[in-house]
Amino acid sequence: CLELNVKKRINSNNALNHKWFDVCDTKRYFCEINDYFYNKIINNLISYKPKNKLQEIGLTYLVHNFPNLDEIKNINKVYANKNKNKNGKLTKYEAKKAFKEYLNTSTTEELNIKVDEIFNNIDNDKNGYIENEEFARAALDKSIFLDDKVLKFIFDFLDKDGSGQINFDEMKTVFGINNNKEAESILVNLIKDIDTDNNGEISFNEFKKMMINIIHF
């Protein structure tokens, strides 16, 4: 895994399937999650309906850059355990098999409907499977946004110049928009929706209100 030459370096798939993991029984050790947590994850997956792209970006940044948070660790354990072939692509078949007992369904048709609903909510690129990042940001308990430290962590990433306000140019950088008038127009409207004091920028309090709005009480 530490080989500098990428052509010689073992890939993540082969690394996870190496005999060392079986000898050390690490899969069992890393995936001991109780039923309460599974049910919590399922409820979060079903209810995941972000209202705008900035909420998604905030969640994505959090799950990528706050990996020591216990809940994110456990969510990643669940994903690793249920993605049986370790290819980073959780299919509908794997999801049905993995979460059948937690979805409270009595028929195959009901199970299919529930799993379809989860995929419609989470599979943003509509490629037919859920990636680890998509799964983690949907499964995360959104009440984490009641913690100002967590919100400030995300806000500081978006506030590139440290001014205490997120402006249009910073948003363009975050969204990777370059000379696209249609995308810029959508971005202007997004800022307007969040910018309650109408100064053309997003303050921390405005950002906080927007992120907390994703929570399902």
For this session: First select every other residue whose beta carbon is under 9 angstrom from the beta carbon of Gly128; then total the charges, Lys and Arg +1, Asp and Glu -1.
Result: +2
For this session: Of the options Ile212, Ala183, Asn198, report the single residue whose Cα projects farthest towards the positive end of the charge dipole of the stretch 172-217 (beta-carbon charges: Lys, Arg +1; Asp, Glu -1).
Result: Ile212
For this session: Would you mind telling me the share, in percent, of accessible area of the chain contributed by carbon and sulfur at probe 1.4 angstrom?
Result: 50 percent
Problem set entry | the chain - percent relative contact order, Cα under 8 Å, separation 6 or more | 20 percent
Problem set entry | Cα-based convex hull volume of the stretch 128-207 per residue, rounded to whole Å³ | 131 Å³
Exercise. In the neighborhood of Ser106, defined by Cβ-to-Cβ distances under 15 Å, what is the net charge if each Lys or Arg adds +1 and each Asp or Glu adds -1?
Worked result: 0
Seminar exercise, completed: Answer in debye to the nearest 20: the dipole magnitude of the chain about its Cα centre, from +1 Lys/Arg and -1 Asp/Glu charges placed on Cβ, is 1000 debye
For this session: Project the alpha carbons of the chain onto their principal axes and report the range along each, largest first, in whole Å.
Result: 58, 51, 33
Exercise. Taking the Cβ of Ile214 as the center, what net charge do the other residues with Cβ under 9 Å away carry, scoring Lys and Arg +1 and Asp and Glu -1?
Worked result: +3
For this session: With a 1.4 Å probe and every protein chain left in place, work out the accessible area per residue of the stretch 116-217 in Å², rounded to a whole number.
Result: 52 Å²
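The values are calculated or read from the model by the stated rules, or taken from the named source; none is laboratory data. Remember, predicted model here, so these are calculated numbers, not experimental data. Every residue, glycine as well, gets a Cβ built from its backbone with ideal geometry; the counts of neighbours run over all protein chains shown. Side chains included, ligands, DNA and RNA excluded: accessible areas come from the protein's heavy atoms. Shrake-Rupley method; radii C 1.70, N 1.55, O 1.52, S 1.80 Å.
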